[in-house]
Every structure is written in structure tokens, then in C-alpha cells.
Amino acid sequence: ALICSEGTEIYWFGPMGAEDFEPDFEWREILRLSWDYPKIKEGVQCIADQLKHEINEVTFLPDLSGQPMIVISVPDKGKADNMMGKLQHELRNTQELVFDMSCSHGGGNFFILMMPKGASKGSAALHVSKRLGFASNRIMVAGDGENDVP
């Protein structure tokens, strides 16, 4: 299995290897049920409209690929901090919506990643181990970025 995108995606490989894979639809359903995507999307759209001069792009991955993640691209750390503060205040504090949020950067941009509460590479690894019948103390993981460290 391949776990990627902050743990929001798990792919299972078939007998043909890298060309033969499919998403773990059970994991997607677990995550889908752990956030109120329509209300979060509406709130993000409203905030993005208010701060459109600070945003490069907003991508609603559930609508494109089924992946439970919203990606907001902004040009610098100050705008990322401002956007995250606005999302925290308006969606979490005021509307009491539940989701996880992190920020990463690359290619000169900052990316705010919004995903269902509890979605992580660790929770995805536990899901995979359960599905394969492994005890959690028999799991080993590796990663290449700062988001791969618990």
C-alpha cells in the first residue's frame, strides 16, 4: 500500500504493480464521514472571496478526485498565516466546524491543507495494518518531508 497526501489517500497495488492500483475506498469513506465537507467548502469559498487578492488558487479535491482535502495556495508566509487565522476564527471557532489544517511550502508558494479531523499518515498506516492483519507494533514507515514526522 502507498499512503500519501497527509494520509488522506491510500492506494493498493494489484498484480501489475505501479500501473495497477486503486484508492482505498473504505478509507475515503471513513474520512468523508469525519468532516462536514459541504459546510467547510462553503466557508472556504466565502473567505477566499473576501481575500481573493491574497490567494493564488483554491482546489477542492473532493470534487475533482474524491480525495478528502482542500488546498489553498498563497504566495507567501504572511498571507498563509492570515488565511489560516481567518479559517481558524470563522470556521472552527465561530461555526464550530471540525477539520485539521497544516501549511507546507514549495516552489515559492505556501499551501494550506485542510482535511478531515484525524487524517494523518499515522492513522492511515494503522488502517492499512488492520486491513492486512498486522499488529501496530509491526509497522515501519518512511518519508521524505517535514510532514512525515509525527
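The values are calculated or read from the model by the stated rules, or taken from the named source; none is laboratory data. Bear in mind the structure is a predicted one, so any value in this text is a computation, not a measurement. Neighbour counts run over all protein chains shown; Cβ positions are idealised from the backbone, glycine included. Ligands, DNA and RNA are excluded from the accessible area calculation, which covers all protein heavy atoms including side chains. Shrake-Rupley method; radii C 1.70, N 1.55, O 1.52, S 1.80 Å.
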Gain in span if fully extended, MET140 to VAL98, counting 0.36 nm per residue against the direct Cα distance: 12.2 nm
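Distance check, please: which entries in LYS52/LYS77; LYS39/LYS121; LYS39/LYS86 exceed 18 angstrom between their Cα atoms? Please report the intermediate quantities before stating the final value.
Numbers: LYS52/LYS77 16 Å; LYS39/LYS121 25 Å; LYS39/LYS86 15 Å.
In this structure, LYS39/LYS121 lie more than 18 Å apart at Cα.
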In sequence order, calculated HN-Hα J values of segment 96-104 (Karplus, 6.51, -1.76, 1.60; Hz; x Gly/Pro): 6, 7, 10, 6, 9, 8, 9, 10, 9
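On full extension of the chain, what length is gained from GLU42 through ASN109, given 0.36 nm per residue of separation minus the C-alpha to C-alpha distance? Walk me through the intermediate numbers first.
Details: separation 67, 0.36 × 67 = 24.12 nm, distance 2.38 nm.
Answer, rounded to one decimal: 21.7 nm.
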Computed magnitude of the charge dipole of the chain (debye, nearest 20; Cβ of K, R +1, Cβ of D, E -1): 380
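Relative contact order for segment 12-150: what percent, with Cα pairs under 8 Å and sequence separation of 6 or more? Please report the intermediate quantities before stating the final value.
Working: 152 pairs, mean separation 27.8, N = 139.
In percent, rounded to a whole number, it is 20.
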Whole-Hz ³J(HN,Hα) from phi, Karplus 6.51 cos²θ - 1.76 cosθ + 1.60, for segment 126-138, glycine and proline x: 5, 4, 4, 5, 5, 4, 8, x, 9, 6, 4, 7, 9
Segment 29-38 - phi-based ³J(HN,Hα) in whole Hz, Karplus 6.51/-1.76/1.60, Gly and Pro as x: 5, 4, 5, 4, 6, 9, 8, 9, 4, x
Distant-in-sequence amide H partners of PHE21 (H built 1.01 Å from N, under 5 Å): GLY14
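Sort THR8, THR59, THR94 from largest to smallest accessible area, using a 1.4 Å probe on the heavy atoms of the protein chains.
Largest accessible area first, the list is THR94, THR59, THR8.
Summing +1 for each Lys or Arg and -1 for each Asp or Glu, what net charge is found among the other residues whose Cβ lies under 11 Å from the Cβ of LYS86? Write down the numbers at each step before the final one.
Working: positive: LYS79, ARG92; negative: GLU54, ASP81, GLU90.
Residues near LYS86 contribute -1 overall.
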Among LEU97, LEU113, LEU33: highest mean-square fluctuation, GNM of the chain, C-alpha pairs under 10 Å: LEU33
Accessible surface, per residue, of the chain when the full set of protein chains is kept, probe 1.4 Å, Å²: 59
Rg [Å, one decimal], Dmax [Å, integer] - the chain, C-alpha atoms: 16.4, 49
Selection from ILE47, SER104, LEU132 lying farthest towards where the dipole of the chain points positive, charges on Cβ: LEU132
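Please give me the summed charge of the neighbours of GLU42: other residues whose Cβ is under 13 Å from its Cβ, Lys and Arg +1, Asp and Glu -1. All intermediate terms of the calculation are to be shown ahead of the outcome.
Working: positive: LYS39, LYS41; negative: ASP36, ASP49, ASP63, GLU90.
After counting each charged neighbour, the total is -2.
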